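Comments concern the structure below.
The values are calculated or read from the model by the stated rules, or taken from the named source; none is laboratory data. Bear in mind that the values here come from a model prediction, so they are computed numbers and not experimental data. Backbone-built Cβ (ideal geometry, glycine too); neighbour counts: all protein chains shown.
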Protein chains: 4
Amino acid sequence: MIKKIGVLTGGGDCPGLNAVLRAVVKTAMGKYEWEVIGFKDGYRGLVMNDYIKFNSRDVSGILDKGGTILGSSNRDNPFNFRLEKDGKVEYKDLSERVMDNVSMHEIDCMVLIGGDGTLTSARDFARKGLKVVGVPKTIDNDLSATDTTFGFMTAVETATEAIDKLHSTAEAHHRVMILEVMGRYAGWIALESGIAGGADVILLPEIPYNINSIVDKIAERKQQGKLFSIIVVAEGAKPKDGDVVISKIVENSPDPIRLGGIGNRIADDIEKATGHETRVTVLGHLQRGGRPVPYDRILSTRYGVAAVELINEGKFGKMVALQGNSITDVSLEDAVGKLKTVDINGELIKIARSVGVGFGD
Amino acid sequence: MIKKIGVLTGGGDCPGLNAVLRAVVKTAMGKYEWEVIGFKDGYRGLVMNDYIKFNSRDVSGILDKGGTILGSSNRDNPFNFRLEKDGKVEYKDLSERVMDNVSMHEIDCMVLIGGDGTLTSARDFARKGLKVVGVPKTIDNDLSATDTTFGFMTAVETATEAIDKLHSTAEAHHRVMILEVMGRYAGWIALESGIAGGADVILLPEIPYNINSIVDKIAERKQQGKLFSIIVVAEGAKPKDGDVVISKIVENSPDPIRLGGIGNRIADDIEKATGHETRVTVLGHLQRGGRPVPYDRILSTRYGVAAVELINEGKFGKMVALQGNSITDVSLEDAVGKLKTVDINGELIKIARSVGVGFGD
Amino acid sequence: MIKKIGVLTGGGDCPGLNAVLRAVVKTAMGKYEWEVIGFKDGYRGLVMNDYIKFNSRDVSGILDKGGTILGSSNRDNPFNFRLEKDGKVEYKDLSERVMDNVSMHEIDCMVLIGGDGTLTSARDFARKGLKVVGVPKTIDNDLSATDTTFGFMTAVETATEAIDKLHSTAEAHHRVMILEVMGRYAGWIALESGIAGGADVILLPEIPYNINSIVDKIAERKQQGKLFSIIVVAEGAKPKDGDVVISKIVENSPDPIRLGGIGNRIADDIEKATGHETRVTVLGHLQRGGRPVPYDRILSTRYGVAAVELINEGKFGKMVALQGNSITDVSLEDAVGKLKTVDINGELIKIARSVGVGFGD
Amino acid sequence: MIKKIGVLTGGGDCPGLNAVLRAVVKTAMGKYEWEVIGFKDGYRGLVMNDYIKFNSRDVSGILDKGGTILGSSNRDNPFNFRLEKDGKVEYKDLSERVMDNVSMHEIDCMVLIGGDGTLTSARDFARKGLKVVGVPKTIDNDLSATDTTFGFMTAVETATEAIDKLHSTAEAHHRVMILEVMGRYAGWIALESGIAGGADVILLPEIPYNINSIVDKIAERKQQGKLFSIIVVAEGAKPKDGDVVISKIVENSPDPIRLGGIGNRIADDIEKATGHETRVTVLGHLQRGGRPVPYDRILSTRYGVAAVELINEGKFGKMVALQGNSITDVSLEDAVGKLKTVDINGELIKIARSVGVGFGD
């Protein structure tokens, strides 16, 4: 018999986190009359026993808000927890402390909402005997065990809006516009926003680019009378011939400073090759913020309700997932550590090529 | 060997129509080097031979635009075409005329984009031997042969934004707010926007409502200290006990006028029963307009490309469809005339009930 | 020496109320180190002594939120307060009670944020010797003592977005679209959104319309090949020849129900006269909600800071106002009870006529 | 008697250009029955005689579109026109050619829409005897002769939306977020979006910043329990002690590349000083694009109509301007070359300080 559950949100920000929390709290408290404890700032709160006891009013009005009312933290792993004392950093396994905290609260199951890092710890806690249920969260939609993650469509919306805005300016002023979006290892945001926004070139981590191929595409468009081009580039895109220096290591510089990212690099290369004025927009954390789109709110709500239903059915050590149109669950053992990258021969790439998109290959 | 195809858009407006046209034209002209003829204002243009010959520039910059550059018309059925002469209306089968027009243009296949009416005529033309491919369009997402139709998520976005706006006002001013959305026979827009917007009550054509049940829900919330309620009602919602008069037939009125819809009716009933001030917003055609959300632009593009690929593969008499995450095709014979209503025991309804939504039942 | 102030928000909802509260609290507490008491639900809280003591965190994150964190109430006049006991309604002057509450809190000055009703009571309290400062609020921008009120540009944005959405549908489907917006006595929202959205006809309370003139305009556009028209109508618009029945009094009807508003009435008249399909959208309270546009947030912030500065300078009995680009103040005695309607020979009307707008006259 | 006018749009992109063109064409053709010639791509079209003859349909549906249907070019000065032949660049005075083109078209007056560069040439043409009327355009709102320019409020809206999105993420994840906006010489966009978005620090070209002052502000907020901060920085902001290297000149680097702008520089400095994770978003040309807000559409329409009225009244050599709430005109001789920077003791700066904004001074 379940009487009390705990919940936390870990990892980078993602629109829909509050919607998951709302669904967990409303279902657990309203439908099953369980108590719900929320731990603050990800695993940090679980380690430090920093928590709130939810009442139903706490989750009113948060469905459409970005961020997470519980707070999050990015890199706290209870099995290797970062401690800082007297300026000295130390890493320590505090997982037993977590087990004890959960026991002392008499929590029957923890709902752990987060990305691959959070879920890997969730699996490790399950191995230690803790009852847990996971909810997957990645803005990049790069988790292999689920078809879609919440927050992703909101990021695509933000990037697509940006392309829309750049479009009219590019056209009126005969410019090449570059939009750098998130996606270090998987190019889903670039791919979907690029198709939705009608980009001319999309550069993904999965398809190393050749700058000449991009320059040719611009020239080809010019010959068709289209004097502008829009390029969407994932932050993790890279050229065919070796890596690009995009971080802070300018050697021999008197004052090493933060360089622009891959978008700036490509802009330079295009300007050198074509003489075309080229402008760069870097969306950065804009993609993690803001009001979630309805698609993400519904998916978040389904995930949150499903996590509570899993607990009610006694199915622990699982993660909720979306397969096709159906909510299902997978074992945490099977779910973590598997990246879902863009299939370079998949339908979306073919669709994009059919409507004339170049991938720099 | 295909050399030339035709295309038209029929039925009510739907965000994403232009994105389908763009994908059809870009794929047909760019990938396959076919000619593309666009007929204006739905079947009317096909009957009257009112058309444009597309060039690739015609579809530039339309991906994010509502409406359809070809125009549409709502109720023109070539098999029973409405003619008006000297004030007299006559209906006539002009389908042979259409067959001839297609022949004279030497069109190898027609792409017919539209709702159930347009697709029923498409099937009838296929029976007559015309090579056709259908693309489904319904803002209400109520076509049984496909999981999702483009335009629907944009309508849900418009309705959800409206709920978001009403929310803060309802809360600050202790009001009951009613939002009337589209959905004459199927309540998908009300259901999904209601979940996404956090509505307290959702009224669907599929679940006849009891006004007392709504009044009870408002009272229950009041007891919890929530002095406001948001009600989303599909235009086709109806009470358990008989129909509601919402059209123009006020008998004995000296000046019969257009009455408000079901939203106004429910507002009256709630005011009478509770004394609560109740406000109504009727979204109407707002839901059919505007910039399609990325989800719809991508789906439209997939449909448009897939329609051309069907033609290239010689698979005529088919309609493109989405099943799970995959684009597929179904026979027009099987696709038309089958309404997909909300499963009142389905997952979405359960999810909604889990987070506290009432359905007036 | 000021040590403590009070604040309340009264009247209908208006985007920017929270931004005013934030500016009042931040300036009073942060700059001057005064205490701030917030009374809940307008004058009701001041009568009932229902209040919160602000701390600086209370106003964090509310700048972009609609509604008001203090709540409001629409028709509570402390000089004629509605009381209900045993089902009997009674009106009573409770203004002395308010004076006493303010004294007991040792409040040095009240900031009263609201519309003409709220400000009229403010003036009456000033006459009784209470130190008050007013901040004007009207979504309709119809207060004569200030050039612009916050919330108005947000309402115009909501209405303009609606016109944008209707436009493409109207064009693709050859429809007449009617958008009914707020404005019972002054047509500012209809006028500015109509100009911004490119409406073809704008109907204002200030210019009684002739239905034939509207029909002629639609016909004239048709002759120019423009097969659609957009009509924006203020809820207070009325025909030249007598009033329109738009409320619930359908006599002899077996079941008198709420009729549609003026928008529905005009739709009927146009359909009868032209046979054109005509669709109506009623924005209603959507216009009072949502995230305030930057213009309104800045104006609200200016008003809130200015109100505190007035108190600091000992200028009581005043209302802050905008004249040209400058914040100034006017006496409450001069400010209340004066409606600012659209000048029918003013620049905006001329501008609109120059770009082809008809006013139904 | 005027019979024909010409129009062009010059300089960088700015939301509202199409709205000005629409108003000019509608008023000139509809109200006065003049012909209107549009020259393409700014002065380039006037030099090359590349033009279209407007008909009234050309400006339908463009009111809400970014960009300019005439195209623009950034740095073409007819008095010193850039010519490139056989790879050799040459500058030549082609102003006589322009005079001849205008004569050959029998154009009675040119409407020149653009920024300080475009308007300086306008003045020079006026000195040569050409009848011209100017319409001011600067996204930065930094023209001294007018209170507000169109496009500015749209840029402020884009920047404010970005701050809103960053806010929830910053709060949930305890981050310092930096938003770099336009404004090389004048910080209006940073200032107004910073106030509207509730930024904690705003950095302007007009107020050189001290990095320690920013670090102190972040620390002060931390002490109040606010573990995040939002910094809006104009691209032209600079530190008190000397300039910042933000361009491509990394000496001794094996591969000199484009560095990030001032936003990246400040992020580095803050991370070094505080250890706080700091994220940068660079809006770039997003601010020049997109759908103009209603404020800008109305202002653009007023400017466009007023320009035609000036011509009708025979007032040449003038520029339309906004002073307070009124449209007026100023002499081009007086209008050009005068930058309007932020008054560092003005009302807006005071307002911002009152609500707790730091300026790094």
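Taking the options A:149, A:118, name whichever one is among the β-branched types (Val, Ile, Thr), more than 14 Å from chain D (Cβ to nearest Cβ) and within 26 Å of the chain's Cα centre (by Cα).
A:149
Quick check: anything in the stretch B:26-48 more than 14 Å from chain C (Cβ to nearest Cβ), surrounded by fewer than 16 Cβ atoms within 10 Å (Cβ to Cβ) and small (Gly, Ala, Ser)?
yes
I'm trying to understand the selection: among the residues of the stretch C:303-334, which are assigned to a helix (DSSP H, G or I) and among the small types (Gly, Ala, Ser)?
C:304, C:306, C:307, listed by residue number.
Scanning the stretch D:343-361 for residues that are more than 14 Å from chain C (Cβ to nearest Cβ) and on the phi < 0 side of the Ramachandran plot, which turns out modelled with the lowest pLDDT? Steps first, please.
Step one: filter the stretch D:343-361 for residues more than 14 Å from chain C (Cβ to nearest Cβ), giving D:344-345, D:359-361.
Keeping just the survivors that are on the phi < 0 side of the Ramachandran plot gives D:344-345, D:359, D:361.
Numbers: D:344: 96, D:345: 96, D:359: 98, D:361: 93.
My answer is D:361.
For the stretch A:72-102, what are the residues that are within 14 Å of another protein chain (Cβ to nearest Cβ) and in contact (Cβ under 8 Å) with a residue 60 or more places away in the chain?
If the condition is that a residue be within 14 Å of another protein chain (Cβ to nearest Cβ) and in contact (Cβ under 8 Å) with a residue 60 or more places away in the chain, then A:72, A:73, A:74, A:76 are the ones that fit.
Every residue, every condition in (1) in contact with a strand residue (DSSP E or B) (Cβ under 9 Å, 6 or more places away or on another chain); (2) touching a residue at least 60 places away in the same chain (Cβ under 8 Å); (3) assigned to a strand (DSSP E or B); (4) over 19 Å from residue B:289 (Cα atoms), yes or no:
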{"site": "B:6", "(1), (2), (3), (4)": "yes, yes, yes, yes"}
{"site": "B:11", "(1), (2), (3), (4)": "yes, yes, no, no"}
{"site": "B:33", "(1), (2), (3), (4)": "no, no, no, yes"}
{"site": "B:45", "(1), (2), (3), (4)": "yes, no, no, yes"}
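If a residue has to be in contact (Cβ under 8 Å) with a residue 60 or more places away in the chain and farther than 30 Å from residue B:261 by Cα to count, how many in the stretch C:281-301 make the cut?
Of the residues in the stretch C:281-301, 7 are in contact (Cβ under 8 Å) with a residue 60 or more places away in the chain and farther than 30 Å from residue B:261 by Cα.
Please work out if residue A:157 is at the interface with another protein chain (Cβ under 8 Å from one of its Cβ atoms), modelled with pLDDT of 95 or more and not in a loop (DSSP other than H, G, I, E, B).
So residue A:157 passes the test.
Here is a list: B:347, B:313. Which entry is surrounded by fewer than 18 Cβ atoms within 10 Å (Cβ to Cβ), acidic (Asp, Glu) and in the same structural domain as residue B:22 (by TED's automatic domain parsing)?
B:313
Would you point out the residue of the stretch D:172-229, among those that are assigned to a strand (DSSP E or B) and within 13 Å of chain A (Cβ to nearest Cβ), that is farthest from residue A:11 (Cα to Cα)?
The residue in question is D:181.
Of the numbered conditions (1) within 18 Å of the chain's Cα centre (by Cα); (2) on the phi < 0 side of the Ramachandran plot, residue A:210 satisfies every one except a single condition; which is it?
(1)
Looking at the structure I just gave you, is residue A:69 free of Cβ contacts under 8 Å to residues at least 60 places away in the same chain, among the aliphatic types (A, V, I, L, M), within 11 Å of chain D (Cβ to nearest Cβ) and buried (at least 20 other Cβ atoms within 10 Å of the Cβ)?
yes
Of the residues that make up the stretch D:286-302, is at least one more than 8 Å from chain A (Cβ to nearest Cβ), surrounded by fewer than 24 Cβ atoms within 10 Å (Cβ to Cβ) and assigned to a loop (DSSP other than H, G, I, E, B)?
Step one: of the stretch D:286-302, the residues more than 8 Å from chain A (Cβ to nearest Cβ) are D:287, D:291-302.
From what is left, the residues that are surrounded by fewer than 24 Cβ atoms within 10 Å (Cβ to Cβ) are D:291.
Within this subset, residues satisfying the condition of being assigned to a loop (DSSP other than H, G, I, E, B) are D:291.
Yes; the residues of the stretch D:286-302 include at least one that is more than 8 Å from chain A (Cβ to nearest Cβ), surrounded by fewer than 24 Cβ atoms within 10 Å (Cβ to Cβ) and assigned to a loop (DSSP other than H, G, I, E, B).
Hey, can you tell me all the residues within the stretch C:56-88 that are within 21 Å of residue C:125 (Cα to Cα) and not in a loop (DSSP other than H, G, I, E, B)?
C:78, C:79, C:80, C:81, C:82, C:83
Residue B:200 - would you say it is within 25 Å of residue A:16 (Cα to Cα) and either surrounded by fewer than 18 Cβ atoms within 10 Å (Cβ to Cβ) or touching a residue at least 12 places away in the same chain (Cβ under 8 Å) (or both)?
So residue B:200 passes the test.
Per-residue answers, yes or no, for (1) modelled with pLDDT of 95 or more; (2) under 19 Å from residue C:300 (Cα atoms):
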position: C:50; (1), (2): yes, no
position: C:54; (1), (2): yes, yes
position: C:70; (1), (2): yes, yes
position: C:76; (1), (2): no, no
position: C:90; (1), (2): no, no
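Which residues, counting only those in the stretch A:35-87, are in contact with a Lys or Arg (Cβ under 8 Å, 6 or more places away or on another chain) and of a type in the set (A, V, I, L, M, F, W, C)?
Those that are in contact with a Lys or Arg (Cβ under 8 Å, 6 or more places away or on another chain) and of a type in the set (A, V, I, L, M, F, W, C): A:36, A:37, A:47, A:52, A:59, A:62, A:63, A:70, A:81, A:83.
Just to be sure, is residue B:283 buried (at least 24 other Cβ atoms within 10 Å of the Cβ) and outside the structural domain of residue B:134 (by TED's automatic domain parsing)?
yes
Answer yes or no: is there a residue in the stretch C:162-175 that is surrounded by fewer than 20 Cβ atoms within 10 Å (Cβ to Cβ), polar (S, T, N, Q) and without any contact (Cβ under 8 Å) to a residue 12 or more places away in the chain.
Scanning the stretch C:162-175 turns up no residue that is surrounded by fewer than 20 Cβ atoms within 10 Å (Cβ to Cβ), polar (S, T, N, Q) and without any contact (Cβ under 8 Å) to a residue 12 or more places away in the chain.
Sort out which residues of the stretch C:54-66 are away from chain B (no Cβ under 13 Å), on the phi < 0 side of the Ramachandran plot and surrounded by fewer than 20 Cβ atoms within 10 Å (Cβ to Cβ), and write them in order of number.
Correct list: C:55, C:56, C:57, C:58, C:60.
Scan the stretch B:326-335 and give yes if some residue there is closer than 30 Å to residue A:161 by Cα, in contact (Cβ under 8 Å) with a residue 24 or more places away in the chain and out of contact with any Cys (no Cβ under 8 Å at 6 or more places or on another chain), otherwise no.
yes
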